[in-house]
Every structure is written in C-alpha cells, then in structure tokens.
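A short write-up of the structure that comes next.
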Amino acid sequence: MSEPRITIRPLNLLLLVSTGLLLVLLWQLRSLLLVLMIAIVIASTLAPVIRAAENLRFPRWLAVFLVYLSSIALLTGGGILIGPTVVEQIQRLFLKLPAYLDVLASLAQDLVIRFGISEPQVIDLIDRMFDIQSLTGWAFRSSQLLLVRSLGVTRGIIDGVFTLILSLLLSAYMLAGSKNLIEGIVSLFPKPWDERLAAQVVPVSQRMGGYIQGRVLVSAILGIVISVGLRFAGLSEFALGLGVIAGITNLIPFFGPVLGAIPALIVAIAQGGWTFFWVLLLFVFIQNVETYLLDPLLVGGSVKVAPIYQLLAVLGGTIVLGIIGALIVPPWVAGASVILQNLYLEPKLAAEKKTSSQIITSEEAIKPPPLSIER
C-alpha cells in the first residue's frame, strides 16, 4: 500500500514565505504601527469638531489648525489654572504618606489582635505590608513593568514623547487630507470591496471617536464631582489633587475607578472618625452613577460592544502595550466591531433570510393543490 505523498505547490510556498516576511516586517515596524494606532484614535476623536468647523465655512486645513490650537490652549490654560495647586497637594500627600501608613499598620494590628491572632510572624507581616520602603519598591517595580511594556516599542521615555508628538502631527495630516488618503487606500481593493470599505470609514471613525470622547467626558465629570465631594467629606486639604488622580485613572475602564479611590481611602482611614465612611460612601455612589448612568449614556451608546469584550480589550492591551494599550486598544475593538457587523454579520443574516424564504417559496410551489369535492 503506497503512503500518501504531501505535495507543496510553489504558489502556496510563496504565500507562506510572504506571510512570514510580512509578520517579521510588522514586528520591526511595531513602533511605527503604535504611532499609527494612536494617530487614528486621535483623528477619530477630533473628526466631529473638524466637521462642525467645516459647516461654519472654514477650509478644512484651517479647521484642523484651529482645533489643534484650541485644544493645546485649553490644556495649557487648565494646567496653569489648577496645575500648581494639584502638584502642591500631591507633594504634600507624599510627604504625609509614611505617617498615614503607620496609622494603617496600627489599625491592622489592633484588628488582628481582636480576632485573637497575636503571632509575631503575623505582626511582622503587617509591618512589612505597610512599610513605606516596601510599598515604594513594589510601586516602583509595578510602574516600571508597565512603563517598560508601554515604552518597549518606543525604546525609552524620550522616544515615547517623540511618539506622542509624531502621533499628533500624523493625526493632523490625516484630518487635513482625509478624503484623498481614504480614496488612495480603498482604491487598492477590487470592486465591490473598495466601495464597501469606503462606506465603513465614517461609522468606524464615529465608533472609535465616540469611545474616547465618552471616556474623557465621564472622567472629567467624575474628577470634578469627586473633588467637590472630598472637600465636603473632610479631605479638603487634598481634595483637588485626589480628584485629579481619580479622574485620570478613570480613563482606564473597569480598573481605573478602583485605582483612583485607593489614595483617598488611605487618607480617610488615617484621619479617622466618620471621614472614611463618608469617603467610601462617596466613591460607592460615584461608581454606581458611572456604571448605571454615565457609561451607558456617554460611552456604551456609542461603543455598542459587550462589557466582556471591553474588559478583554483592556486586559490584552495592558499585557501587550501597558498603560498605552489600556487606553487605545478598546477604541480599536469598537471600530473593528463595526466592520464585523456591517461586512460579515449583516450580509450573513440577509443571506440566511433570503435562503430560508427561497426554500419556503419552493416548498409552496411544489405543494399539491387541495382536493375539492364537487356535489
């Protein structure tokens, strides 16, 4: 009995080698791909403002210039207005952090002793957990790991800043010449795919931009509310700084609100009294408002991606690209869902309905007519 022979066609071998070379090339150009991903997210976020400026009879290049100039001026003005106070409060918070940790260690020791646990090993473990040097070392290692993953594709902090600047410039170029750029890319595809892909540009841009716009708006609202709430809850000394920290961390879905609440809760526990209860109640209230009101209204309505897929996007983006991935991968998943929905799921559903209707029609055609009895 002859054994089956495996034959490799030259065309298949060429395709396999080309795919491998393409993957190697993309890996070598990963820093450029990151710049491109960030630029597309920025361009999608600012595209509605550009269109609004065009409706006011501004030339597109002038609209792009004015929008970017206004954004830079707004960020600079906000930094000048609240930046010194925020920096001063955060510096004061770090100076008082060792004393706060000592209070937390004492409270933890009293708690375990009340439960009848008085072994020296447990007390020593609590001391090490709340030791400022241990916590600083852990925080440094964790942040270093995230920074390495975030900046690994950019080979350093200087290149990371350069990546951001290049992404801004590239996004401005995309917005200024978007029509010619899109026409040039879709012309590479055969008909009718060129028209189909061109029709997806606006929906994908709206979905990606809507995600970032919603997250920024939600984070800004929560940052303001938390700052005001902490002032009334008894943390007026650090209210603005802690509110800014909570607002920035809230840009990261799912995990950001928890990370933003930790510094405020540490300060509240150390101050004692009812402060911790009011601060905890504030963050629980804020979390529920975000989950059941702001996110569905400002983010979920534009993203239209199941929360489990958003969570996987955040986790996967963090693993591969660190903090940058947690911010830019979810909008890409939202944009990809548009293409999947419009180019695969809807045509598939339409084809299934058409096939089922044809089967029903054919069954009715071959169905014998009912017998009639004449009297």
### Task
Could you tell me whether GLU290 is free of Cβ contacts under 8 Å to residues at least 40 places away in the same chain and of a type in the set (Asp, Glu)?
no
### Residue satisfying all of: in region 298-353; small (Gly, Ala, Ser) and modelled with pLDDT under 80; surrounded by the most Cβ atoms within 10 Å (Cβ to Cβ) among these
GLY322
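Okay, residues lined up against (1) at pLDDT below 65; (2) more than 30 Å from LEU343 (Cα to Cα); (3) surrounded by fewer than 15 Cβ atoms within 10 Å (Cβ to Cβ):
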position: LEU111; (1), (2), (3): no, yes, yes
position: ILE123; (1), (2), (3): yes, yes, no
position: SER134; (1), (2), (3): yes, yes, yes
position: VAL148; (1), (2), (3): yes, yes, yes
position: LEU166; (1), (2), (3): no, yes, no
position: LEU188; (1), (2), (3): no, no, yes
position: VAL202; (1), (2), (3): no, no, yes
position: GLN206; (1), (2), (3): no, no, no
### Query
Could you say whether any residue in region 170-177 is hydroxyl-bearing (Ser, Thr, Tyr) and either at pLDDT below 70 or in a helix (DSSP H, G or I) (or both)?
yes
### Query
Within region 215-228, how many residues are touching a Leu at 6+ places or on another chain (Cβ under 6 Å) and surrounded by 21 or more Cβ atoms within 10 Å (Cβ to Cβ)?
4
### Query
From the residues in region 237-251 that are of a type in the set (A, V, I, L, M) and not in a loop (DSSP other than H, G, I, E, B), which one is nearest to GLU290 (Cα to Cα)?
ALA246
### Unmet criterion (only one of (1) assigned to a helix (DSSP H, G or I); (2) within 17 Å of the chain's Cα centre (by Cα); (3) surrounded by fewer than 17 Cβ atoms within 10 Å (Cβ to Cβ)) for PHE254
(1)
#### Entry: Long-range neighbours under 6 Å by Cβ, at least six apart or interchain, first residue free of Cβ contacts under 8 Å to residues at least 60 places away in the same chain within region 331-354, second in a helix (DSSP H, G or I)
VAL333/ALA313
### Task
Return the total of residues in region 72-86 being exposed (fewer than 15 other Cβ atoms within 10 Å of the Cβ) and touching a helix residue (DSSP H, G or I) at 6+ places or on another chain (Cβ under 8 Å).
1
### Matching option when the condition is under 19 Å from PHE232 (Cα atoms), surrounded by 19 or more Cβ atoms within 10 Å (Cβ to Cβ) and modelled with pLDDT of 85 or more, among VAL279, VAL284
VAL279
### Message
I need every pair where a residue in region 87-101 that is free of Cβ contacts under 8 Å to residues at least 24 places away in the same chain and among the hydroxyl-bearing types (Ser, Thr, Tyr) has its Cβ under 6 Å from the Cβ of a residue that is surrounded by fewer than 17 Cβ atoms within 10 Å (Cβ to Cβ) and not in a helix (DSSP H, G or I), sequence separation at least 6 or different chains.
### Response
none
### Query
Does region 49-71 hold any residues that are part of a helix (DSSP H, G or I) and loosely packed, with under 11 Cβ neighbours inside 10 Å, and which are they?
ASN55, LEU69
### Query
Among ILE226, ILE221, which is assigned to a helix (DSSP H, G or I), touching a residue at least 12 places away in the same chain (Cβ under 8 Å) and closer than 18 Å to PRO296 by Cα?
ILE221
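The values are calculated or read from the model by the stated rules, or taken from the named source; none is laboratory data. Being a predicted model, the structure only gives us computed values, none of them experimental. Reconstructed Cβ throughout: ideal geometry from the backbone, glycine too, with neighbour counts over all protein chains shown.
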